[in-house]
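Reading through the structure tokens given below for one structure.
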Amino acid sequence: MHEMGLAVRIVEMALERASEAGSGAVTGLELAVGDLSGVSVEALRFALETAVSGTPAEGAELQIRRLPAMGQCTACDQVFELPDRLAGCPHCGTSAPLLLSGREFRLEAIQVS
């Protein structure tokens with residue numbers, strides 16, 4: 001499960017930032033996860049709960065924002081949400097739309113006290 005490796009690194013980064021800020025505790029983490037990122041939000045949530053256990057980030061509020069996959073048709077220029085990587089344009093049926101978003105995975109904010 002690669003989500004555990006991601007979770008461990010997120011906690012390391014959060015603790016580094018807390019230390020740099022002269023703080024002893026991480027109180028919140030905000031992440032953004034794209035639908036096509038390959039990251040399972042449920043597995044990531046579980047991995048983060050495990051990774052913070054016994055650290056100054058234990059008990060931190062976790063917010064994970066879903067970023068939908070968006071595509072743009074190369075034929076009719078319509079922008080639409082992609083239900084999966086193989087979806088065609090729902091307006092004209094053209095396959096292989098340009099992927100605009102949905103592969104992102106980022107730590108957006110760290111709250112410390």
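The values are calculated or read from the model by the stated rules, or taken from the named source; none is laboratory data. Quantities reported herein were computed from a predicted structural model and do not represent experimental measurements. Every residue, glycine as well, gets a Cβ built from its backbone with ideal geometry; the counts of neighbours run over all protein chains shown. When the accessible area is computed, the model is the full protein with side chains, heavy atoms only, and any ligands, DNA or RNA have been set aside. Shrake-Rupley method; radii C 1.70, N 1.55, O 1.52, S 1.80 Å.
For region 1-24, the set of residues classified as open to solvent by less than 60 Å² (accessible area, probe 1.4 Å) and farther than 15 Å from Glu58 by Cα consists of Glu3, Met4, Gly5, Leu6, listed by residue number. The condition of being small (Gly, Ala, Ser) and either modelled with pLDDT of 95 or more or within 19 Å of the chain's Cα centre (by Cα) (or both) holds for only one of Ala21, Ala96, Ala32, that being Ala32. Would you check if Leu44 is farther than 29 Å from Pro97 by Cα, hydrophobic (A, V, I, L, M, F, W, C) and surrounded by 16 or more Cβ atoms within 10 Å (Cβ to Cβ)? No. Answer yes or no as to whether Ala18 is part of a helix (DSSP H, G or I) and under 15 Å from Gln111 (Cβ atoms). So Ala18 fits the description; yes. Taking the stated definitions as given, is Ala32 small (Gly, Ala, Ser), in contact with a helix residue (DSSP H, G or I) (Cβ under 6 Å, 6 or more places away or on another chain), touching a residue at least 24 places away in the same chain (Cβ under 8 Å) and open to solvent by less than 70 Å² (accessible area, probe 1.4 Å)? When the stated conditions are applied, Ala32 does not pass them.
Taking the conditions exactly as written (open to solvent by less than 80 Å² (accessible area, probe 1.4 Å) and free of Cβ contacts under 8 Å to residues at least 60 places away in the same chain), does Thr94 satisfy them or not? Give the derivation first.
Working: open to solvent by less than 80 Å² (accessible area, probe 1.4 Å): yes; free of Cβ contacts under 8 Å to residues at least 60 places away in the same chain: yes.
When the stated conditions are applied, Thr94 passes them.
Say we look at region 61-113 and pick out the residues that are in a strand (DSSP E or B) and among the charged types (D, E, K, R); which of these is farthest from Met13 (Cα to Cα)? The qualifying residue farthest from Met13 (Cα to Cα) is Glu81.
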